[in-house]
Each structure stands twice: as structure tokens, then as C-alpha cells.
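Peer 1: Below are the C-alpha cells for one structure; questions will follow.
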Amino acid sequence: MNTTDWKWKTQDGLQLYANAWTPEGQARGLVCLVHGLGEHIGRYQADAAALTQAGYILAGFDQRGFGQSEGRRGHTPSLDAYFDDIGYFLNAIMQRYPGLPTFLYGHSMGGILVLAYTPLRRPPVVGVIATSPGLKSSIEAQKAKVLLVKLLGSVWPTLTLQSEIDAQLLSRDPHVAEEYVNDPLVHTAVTAGWGKAMLQAVALAYQQAPQFPTPLLLMHGADDQIAYPEGSRSYAALVPQERLTFQEWAGFKHELHTDSEKAVIFAAMVAWLNGHCAAA
């Protein structure tokens, strides 16, 4: 595969880092990635390898306040800022690689965002993939922080908290936690403003689920203790069933794509993409 990176500027002037992995031959589709909390797109090398081998371009960006992008760490001024960033990047990447069936792919926090964004903004995509969306999460269980977010999300949005994600809960692959902890681009900072935006995103995702406009592949690890699978189960019950493919993977933790058995995840993902590319 080939890779290229660049930076682009948001509507409010932040420089965000972007990357695209492309197959050696002719691409059959384009997948736009929205990453999870505290991380960056550089952690998706395995996804890039699997998808480019299957003929897909994988493109994504470090969200504001994460990875190599600018912005206060773990902060957004609003949910709309996240949505605007996704929309701008999606349009730009579709112009960079025109004429390809295009899909949105969000993991964890990114999963919440694509589930809320798609029915609200109606992007021109063939389908959506959401893995381990944090619709019901361990952060939500930290009730003192949730109360702080609700009280201070508007009046003190830059108040910084810690997400306290346990790296041991990410994957069954023992190397993943060590790499995560030692990754200089990973951080645990979140702000009250971020928390307010994510509470809004979860509420929007559930509210808009019956109007979800595209095919959806929703996947979750049954042993996920960061973003609980109950959230995906309850969400799946609300989505138009003719558009939904819901897969719950026994034994898998939070990051399906870094698991020691991730090959079966990528096989399922590619099979779903191939089917919807053929129908596009």
C-alpha cells in the first residue's frame, strides 16, 4: 500500500493532520475513518493494511485536540464543530478520490459521532461502519464527572478532566496496552465542553436511529468494558432492520481491529463493503 499525509484548516482556523492509505492497484471504494477518544489515526495501520489489500482507500484525520492536530487536548467548542470537521474532510477526500463508493467508519467516540452525524447531516455515503460506539460507557459510569459535565459544560467548557481509560481493556493482544501507554500521541485529557458535546451526540444518535438513512454495519465486542455492548444492542433495536447488520463478537474487547484475532473482523468488514459496493 501507499500512504500520503497532509494538513488542512478547519472553519475556525485549526490545522488538522490527515492521512490516506491507498492500494497498489485500482481502488474499488473509499472509507473515511473517524477515530476514538484520546488516540489518532496512526493507530489504524492494521485496518489500512487489510482494507488496501481488499482494494479500498482508507483516509482519516486526527480530530481537533487529538494526535498531530491542533487544538486544546480533548476539547471541542461544540458538537457541531466535530460534525463540521467530518463533513469538510469527507467532501475534500471525495474530491481527492472522485467517483468511488464512499463509506464512513467510526470507532468508539468516532462511532458515536458517525451514528449521530449521518441521519442529521445526510452525507453522500453508500454506508456506515460503527465499531464499539460508546453509547453506554465506563466514562458514563463515573457519575461525579458526568454531573460536572452537565453543570459546567456550558459555563466552564475548558475544565480539563481525565478519561481514565484502562489500556488493559482495549484488546486481547498483550502488546496493544503497552504500545498505547507508551504512544506519545495518546492522551487521557477531556474537557467539560467535550463531555457536553458527547452527551448531546449520544442523545442525538438514539433520537435519530429510526431515520438512519444508509446501510449500517454495527460491530461490538461482547467483553467490551470500556464501551458496553448493551449500548449497541439498544441502538440496534431502533435502526430500520432492513438497513442493519449487527454483529456482536464473543470474547472480543473494545478494539476489535487490534485484537489477536482481528483477521476475522476485517474479513467481515470487507465482505460487507464488497456487498454494498456491488449494489452502489
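Peer 1: I'm checking my understanding of the structure. Among residues of segment 17-38 that are farther than 20 Å from PHE103 by Cβ and out of contact with any helix residue (DSSP H, G or I) (no Cβ under 6 Å at 6 or more places or on another chain), which one is surrounded by the most Cβ atoms within 10 Å (Cβ to Cβ)? Show your work before the answer.
Peer 2: The initial filter retains those residues of segment 17-38 that are farther than 20 Å from PHE103 by Cβ, namely 17, 24, 37-38.
Imposing the further condition that a residue be out of contact with any helix residue (DSSP H, G or I) (no Cβ under 6 Å at 6 or more places or on another chain) reduces the set to 17, 24, 38.
Values: TYR17: 21, GLU24: 10, GLY38: 23.
Looking at the filtered set, the residue picked out is GLY38.
Peer 1: Separate question: Which one is surrounded by the fewest Cβ atoms within 10 Å (Cβ to Cβ) among residues in segment 3-16 that are over 12 Å from ALA59 (Cβ atoms) and touching a strand residue (DSSP E or B) at 6+ places or on another chain (Cβ under 8 Å)?
Peer 2: Here the residue is LYS9.
Peer 1: Consider only pairs whose beta carbons are under 7 Å apart and that are at least six residues apart or on different chains; among these, list those whose first residue lies in segment 212-241 and is farther than 28 Å from ASP173 by Cβ and whose second residue is assigned to a loop (DSSP other than H, G, I, E, B) and among the basic types (Lys, Arg).
Peer 2: PRO213/ARG122
Peer 1: If LEU161 satisfies all but one of (1) outside any strand (DSSP E or B); (2) more than 19 Å from the chain's Cα centre (by Cα), what's the number of the condition it fails?
Peer 2: Against the list (1) outside any strand (DSSP E or B); (2) more than 19 Å from the chain's Cα centre (by Cα), LEU161 comes up short only on (1).
Peer 1: While we're looking at this one, here's another question. When you scan segment 148-169, do you find a residue that is aliphatic (A, V, I, L, M) and at pLDDT 95 or above, even just one? Don't jump to the end; show me each part of the working.
Peer 2: Step one: filter segment 148-169 for residues aliphatic (A, V, I, L, M), giving 148-149, 151-152, 155, 159, 161, 165, 167, 169.
Add one more test, that the residue is at pLDDT 95 or above, and what stays is 167, 169.
Yes, because at least one residue in segment 148-169 is aliphatic (A, V, I, L, M) and at pLDDT 95 or above.
Peer 1: What number of residues in segment 237-261 are in a helix (DSSP H, G or I), surrounded by fewer than 20 Cβ atoms within 10 Å (Cβ to Cβ) and not polar (S, T, N, Q)? Working first, answer last.
Peer 2: Our first condition is that a residue be in a helix (DSSP H, G or I); within segment 237-261, this holds for 241-243, 256-258.
Then drop every residue that is not surrounded by fewer than 20 Cβ atoms within 10 Å (Cβ to Cβ), which leaves 241-243.
Then drop every residue that is not not polar (S, T, N, Q), which leaves 242-243.
Residues in segment 237-261 being in a helix (DSSP H, G or I), surrounded by fewer than 20 Cβ atoms within 10 Å (Cβ to Cβ) and not polar (S, T, N, Q): 2 in total.
Peer 1: Which of the residues belonging to segment 180-196 are touching a residue at least 12 places away in the same chain (Cβ under 8 Å) and in a helix (DSSP H, G or I)? Please lay out each step first, then the result.
Peer 2: Residues of segment 180-196 that are touching a residue at least 12 places away in the same chain (Cβ under 8 Å), as a first pass: 180-181, 183, 185-196.
Correct list: TYR180, VAL181, ALA192, GLY193, TRP194, GLY195, LYS196.
Peer 1: All but one of (1) modelled with pLDDT of 95 or more; (2) over 17 Å from SER234 (Cα atoms) hold for THR131; which doesn't?
Peer 2: (2) is the only condition that THR131 fails.
Peer 1: If you don't mind, there's one more thing I want to ask. Go through segment 95-119 and give me each residue that's more than 8 Å from the chain's Cα centre (by Cα), buried (at least 24 other Cβ atoms within 10 Å of the Cβ) and under 12 Å from ALA205 (Cβ atoms). Step through it out loud before you land on a result.
Peer 2: Filtering segment 95-119 down to residues more than 8 Å from the chain's Cα centre (by Cα) leaves 95-104, 115-119.
If we keep only those that are buried (at least 24 other Cβ atoms within 10 Å of the Cβ) too, we end up with 103-104, 115-118.
Selection gives LEU115, ALA116, TYR117, THR118.
Peer 1: With the checklist (1) touching an Asp or Glu at 6+ places or on another chain (Cβ under 7 Å); (2) over 27 Å from THR191 (Cβ atoms); (3) touching a residue at least 60 places away in the same chain (Cβ under 8 Å) in hand, flag the one item TYR56 doesn't pass.
Peer 2: (1)
Peer 1: What's the number of the only condition in (1) assigned to a helix (DSSP H, G or I); (2) polar (S, T, N, Q); (3) free of Cβ contacts under 8 Å to residues at least 40 places away in the same chain that GLN208 fails to meet?
Peer 2: (3) is the only condition that GLN208 fails.
Peer 1: Also: Run down GLY71, GLY60, GLY111 and say which single residue is in contact with a His (Cβ under 8 Å, 6 or more places away or on another chain) and at pLDDT 95 or above.
Peer 2: Working: GLY71 fails: in contact with a His (Cβ under 8 Å, 6 or more places away or on another chain); GLY111 fails: in contact with a His (Cβ under 8 Å, 6 or more places away or on another chain).
After ruling out the rest, the residue left standing is GLY60.
Peer 1: Still on this structure: Touching a Gly at 6+ places or on another chain (Cβ under 9 Å), surrounded by 15 or more Cβ atoms within 10 Å (Cβ to Cβ) and outside any helix (DSSP H, G or I), is that true of LEU199? Steps first, answer last, please.
Peer 2: Numbers: touching a Gly at 6+ places or on another chain (Cβ under 9 Å): yes; surrounded by 15 or more Cβ atoms within 10 Å (Cβ to Cβ): yes; outside any helix (DSSP H, G or I): no.
The answer is no for LEU199.
The values are calculated or read from the model by the stated rules, or taken from the named source; none is laboratory data. In this text, all values refer to a predicted model and were calculated from it rather than measured experimentally. Positions of Cβ are backbone-derived with ideal geometry, glycine not excepted, and every protein chain shown enters the neighbour counts.
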